Amino acid sequence: MTLKHSIKQGGWTLLEMMIAVTIFTISGAAVGSAYMFSLRSFQALSNYSVLDQQNRGAMDQLTREVRQAWSINSKSSNSLVLVDGAGKYVTYLFNPTTKKLTRTKQGATTVLLDDCDLINFTMATRVPNTNVNDYNFYTDIYKTDSANHAKVINLSWKTRRALPNGVGQSENIQTARIVIRKQQLDQ
């Protein structure tokens, strides 16, 4: 009598297969989540970089022209009109509808900031204030509404950009106190 040996065939059982699929699914979800988080982070960093570059350029331009201005012609909460050394008017205007800060000189308008949500200009003077009840009594500058007495421009703005996928946004806030160097104050 001869015995037949049965050949044992290898394979996975249903339980082994379910465990392998579960492990693969969990690890795939973790890798996918890390990838999406990295992608959003890089997009946010790219937005911050663009906003920072725009803000730095606009702040440099504004600071240079305010410091060299001979006088302030007019000011509102969202606009500033300066007279430069050549007697030309330079207008900075924020349009909340288009969310742009523009600079106009001799009829030529350039956009300094895109995606600007808020801007505020205030004037101040360094003339000593004798009003003890004044809020700014103990600071080095004093708010004024008179363009003839203003020696300092305080400005602040906020820019914001949405991420490309529409989820989240990047935001940048700038503030500055700029002293007008060439202005002769009326006494």
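The values are calculated or read from the model by the stated rules, or taken from the named source; none is laboratory data. Remember, predicted model here, so these are calculated numbers, not experimental data. Virtual Cβ from ideal backbone geometry, glycine too; neighbours counted across all protein chains shown.
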For segment 35-60, the count of residues that are surrounded by 14 or more Cβ atoms within 10 Å (Cβ to Cβ) and free of Cβ contacts under 8 Å to residues at least 12 places away in the same chain equals 1
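Taking only segment 162-181 into account, find how many residues are within 30 Å of residue 123 (Cβ to Cβ) and part of a strand (DSSP E or B).
To start, the set of residues in segment 162-181 that are within 30 Å of residue 123 (Cβ to Cβ) comprises 171-181.
Narrowing the set further to residues that are part of a strand (DSSP E or B) leaves 171-179.
Summing the residues that are within 30 Å of residue 123 (Cβ to Cβ) and part of a strand (DSSP E or B) in segment 162-181 gives 9.
Considering only segment 80-105, state which residues are farther than 21 Å from residue 160 by Cβ and of a type outside the set (D, E, K, R).
We begin by selecting, within segment 80-105, every residue farther than 21 Å from residue 160 by Cβ; these are 80-91, 104-105.
Within segment 80-105, 80, 81, 82, 83, 85, 86, 87, 89, 90, 91, 104 qualify.
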If we scan segment 27-49, do we find a residue that is in contact with a Lys or Arg (Cβ under 7 Å, 6 or more places away or on another chain), at pLDDT below 90 and under 19 Å from residue 157 (Cβ atoms)? yes
Residue count for segment 61-105, restricted to those that are small (Gly, Ala, Ser) and surrounded by 16 or more Cβ atoms within 10 Å (Cβ to Cβ): 3
Restricting segment 156-173 to residues that are surrounded by 15 or more Cβ atoms within 10 Å (Cβ to Cβ) and either among the aromatic types (Phe, Trp, Tyr) or touching a Lys or Arg at 6+ places or on another chain (Cβ under 8 Å) (or both), which is modelled with the lowest pLDDT? 163
Between 34, 44, which is among the aliphatic types (A, V, I, L, M), in a helix (DSSP H, G or I) and within 15 Å of the chain's Cα centre (by Cα)? 44
Just one of (1) touching a residue at least 40 places away in the same chain (Cβ under 8 Å); (2) among the β-branched types (Val, Ile, Thr); (3) more than 19 Å from residue 118 (Cα to Cα) trips up residue 63, so point out which. (3)
